[in-house]
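Let me begin by presenting the structure, written as structure tokens, before commenting on it.
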Amino acid sequence: MPRPSTASPLLSLPGAVPAEAPDEGVAAHYGDLFREQRALADGAGFVDLSHRGVVTVTGPERLSWLHLLLTQHVSDLPPGHATEALILSAHGHIEHAVSLVDDGETTWMHTEPGNQEALIAYLESMKFFYRVEVVDRTDEIAVVHLPAGSIAEVPGDAVVRETAHGRDIFLPRADLESFAADHGPAIGVLALEALRVEAHRPRLGLETDHRTIPHELGWIGTAVHLQKGCYRGQETVARVHNLGKPPRRLVFLHLDGSEVHLPPHGTPVRLASDGEEGRQLGFVTTSARHHELGPIALALVKRNVPVDAPLMAGSTAASQEVVVEP
């Protein structure tokens, strides 16, 4: 995935440790990972997500046009109503994931770091005669995240995307440092990632590969509306939903806490009974250290893996919880 073009000025805050890919450009943490997780879970602080791509769509036909391209029903999206959506290939594989909100005049989207250029290229190729304008706002607009339960006030002119998991704020990049001064403590992306894994929420580029379909990750219902058609890949979505099962499924793993290192993205997952030389049945997508649960992970495994089977993530013992039913 392409790298973000700029580093956040908040990397100059005391204790900031830069994040690694795919979150380069912001802080992984500010010196105390578990303290930051607890603060976030309690509704305190904010997370700098200014490395994420920001795209806007304006024009009187923007929602009806996006409705034809996205997996989500957005033709009648009310102002201020947050949603998420995917863009699929012709074969139903996930190519883009966007978090969006419309303010009544503009549709605001944020996407994975560096992914905005490919997203814009696709949107531009589909404009035809529609009265819409697509703009990359990443250089001027930053995203910050306030956790669920936060009572922090936001600037009156900022666009807010509010969900059950918290508020994403679109604000001028020039205001990042003043926002941090008013809304601290600053919390790194590793804390947010640990809570994301705990909540079983997939992320493009980590839980997905070139052949992932929405059903495998539980994105049906949250990012895919089953009562609409007319978008690329819709035939695959309908066929799998009505006639079959996805070939793989997302699982949540409790990892052996005695291991020093977390299994990285791509680590093979096998049946524990087969040992480290057994047949690979999937791979770790994201792993994290949680302030209450200890080491945890998400993994994508073959659908027919028994739901009660002890697993191995590389050399690490793992027990699974069902996220997507087999």
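Among Leu40, Leu190, Leu13, which one shows the highest mean-square fluctuation when the chain is modelled as a Gaussian network with alpha-carbon springs under 10 Å? Judging by the Gaussian network model, the answer is Leu13.
Checking every one of the GluC sites (Glu not before Pro) in the range 1-89 against DSSP loop status and a limit of 10 other Cβ atoms within 10 Å picks out Glu20.
The trypsin sites (Lys or Arg not before Pro) of the range 41-138 that DSSP puts in a loop, and whose beta carbon has at most 12 other beta carbons within 10 Å, are Arg131.
Along the chain, the longest continuous region that contains none of the chymotrypsin sites (Phe, Trp or Tyr not before Pro) in a DSSP loop with at most 10 other C-beta atoms within 10 Å is 130-326. Spin-label model, Leu11 to His210: label points 7 Å out along the Cα-to-beta-carbon direction sit 3.0 nm apart. Fully extending the segment from Phe34 to Glu124, taken as 0.36 nm per residue of separation minus the present Cα-Cα distance, adds 28.1 nm. Counting only protein heavy atoms and a 1.4 Å probe, the chain has 44 square angstrom of accessible area per residue. Working note: Debye formula, equal point scatterers on the alpha-carbon atoms of the chain, no solvent; log10 I(q)/I(0) at q = 0.07, 0.11, 0.12, 0.14 Å⁻¹ is -0.29, -0.72, -0.86, -1.15. Spin-label point model (7 Å from Cα, Cβ direction): what's the Asp103 to Asp139 distance in nm? Each label point lies 7 Å from its Cα, and together they span 2.0 nm.
Based on C-alpha pairs under 8 angstrom that are at least 6 apart in sequence, the range 158-233 has a relative contact order of 12 percent. A Förster radius of 22 Å, combined with the Cβ-Cβ distance separating Asp274 from His254, puts the computed FRET efficiency at roughly 0.70.
Rounded to the nearest 0.05, what FRET efficiency is calculated for Ser178 and Lys302 with R0 set to 45 Å and r the Cβ-Cβ distance? That pair, Ser178 with Lys302, gives E of 0.35. Counting only protein heavy atoms and a probe of 1.4 Å, the accessible surface of the chain is 51% carbon and sulfur.
Among the GluC sites (Glu not before Pro) within the range 104-195, those in coil by DSSP and having at most 11 neighbouring Cβ atoms inside 10 Å are Glu105, Glu140, Glu153. With a simple spin-label model that places each label point 7 Å from the Cα along the Cα-to-Cβ direction, the separation between Glu292 and Ala164 comes to 1.6 nm.
The values are calculated or read from the model by the stated rules, or taken from the named source; none is laboratory data. Everything quoted here is computed from the prediction, not taken from an experiment. Virtual Cβ from ideal backbone geometry, glycine too; neighbours counted across all protein chains shown. The area values use the complete protein model at the heavy-atom level, side chains included, leaving out ligands, DNA and RNA. Shrake-Rupley method; radii C 1.70, N 1.55, O 1.52, S 1.80 Å.
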